[in-house]
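Only one structure is covered here, and it is reproduced in the block below.
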Amino acid sequence: MSSPRLRVQFETLFEHYNGKDSGAQLDDITEILFCTRRNARIVLNKMEEEGWIEWHPAAGRGKLSQLIFKRSRSDVSENLARRYLEEGKIEQALNVLDRDTAKLSRVVESYLGVSHHHGEQVVRLPYYRALSMLNPLKPMRRSELHIARQIFSGLTRLDENDQLGPDLAHSWESLSPEHWRFYIRPGVRFHNGQPLTVDDIIESIQEFSSMRLFEHIESLSEPSDWVLDIKLNKPDVQLPLLLTESCAKVLLPKADRSDQFDTFPIGTGPYKVMQNDEKRLVIQANDNYFASARLSTASRYG
């Protein structure tokens, strides 16, 4: 991030030359910026690095160098304001725009929506409050429920057409009205790189089986590698559908969860949490997501 002083120096040059490409000597720049020749060279180099100007020194005494403006004064201010917004520094963004709230509103509007950054599609959405509860085992509002579905996976899931489909389990069958068998995908990892095991899934199911929806789950076992058996105390032909509920997601084992798990959870879903504070939530595509369609989106809420 360029310094506020560098921006002021750019504005001084821009105003002096009325934003027009001009011939100039280094001594002219030192007088305009009230600095030494050495500092003038440093400032010009930094402005070039920022992409604000081009400076083409002339060889020979008394010859004019070429100063080319690649950005206008407003472009520079607005770009800096966007970079401050990217860091959640709203007050600094407002200062860059000379405390002009109308300008800030325009910058915010251009900042939101879909853009591309380093080959990734970035979606920025405004939100009026912090998203402070992302643990599916605890009460959540609708917004948090939607986000949690992107962070965590369950044994099964509903697709975009609300049709039942595979998730951590690639297939399943009913061995009897009270006995279901799920075949688990091998090689799945949590966002922190930790491998998912059937024992992890069993621990998660034991956690949410105390809920009324799942109180008919009687026992859980792994009869062979990557196979999970769920036995019920009463028939339930809708168990695979029931396991698509938000509260039925598979979580990191309790022993590995941090104190900030509610706001900074770790799952196996298509997105992972990169930042979550009072100003914004940043979730980024999980490069190791097990689904066949790889994602390339980072989303920012707030």
Report in % the part of the accessible area of the range 150-302 that belongs to carbon and sulfur, leaving out ligands and nucleic acids; probe 1.4 Å.
44
Total lysine pairs whose alpha carbons fall under 27 Å of each other in the range 161-302 (8 or more apart, or interchain):
6
So, over other residues within a Cβ distance under 9 Å of residue 181, counting Lys, Arg +1 and Asp, Glu -1, the net charge is -2
Enumerate the aspartates and glutamates that residue 70 could reach by cross-link, defined here as Cα to Cα under 17 Å, with residues fewer than 8 away along the same chain left out.
11, 15, 21, 48, 49, 50, 54, 78
In what sequence, largest accessible area first, do 15, 49, 222, 31 appear using a 1.4 Å probe?
49, 31, 15, 222
Taking the range 121-216, which trypsin sites (Lys or Arg not before Pro) meet the DSSP loop condition and have no more than 12 other C-beta atoms within 10 Å?
129, 141
For residue 64, net neighbour charge (Lys/Arg +1, Asp/Glu -1) across residues whose Cβ lies under 12 Å away
-1
Average accessible area per residue (Å²) across the range 133-233 - probe 1.4 Å, nucleic acids and ligands excluded
52
Using alpha-carbon positions, what is the distance between the centroids of the range 233-256 and the range 147-219, in Å?
5
Sites residue 261 and residue 213, calculated FRET efficiency, Cβ-Cβ separation with R0 25 Å, nearest 0.05
0.65
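The values are calculated or read from the model by the stated rules, or taken from the named source; none is laboratory data. From a predicted model like this one, the values you see are computed outputs, not experimental measurements. Positions of Cβ are generated from backbone atoms using ideal geometry, with glycine treated the same way; all protein chains shown enter the neighbour counts. These accessible areas exclude ligands, DNA and RNA; they are computed on the full protein's heavy atoms, side chains included. Shrake-Rupley method; radii C 1.70, N 1.55, O 1.52, S 1.80 Å.
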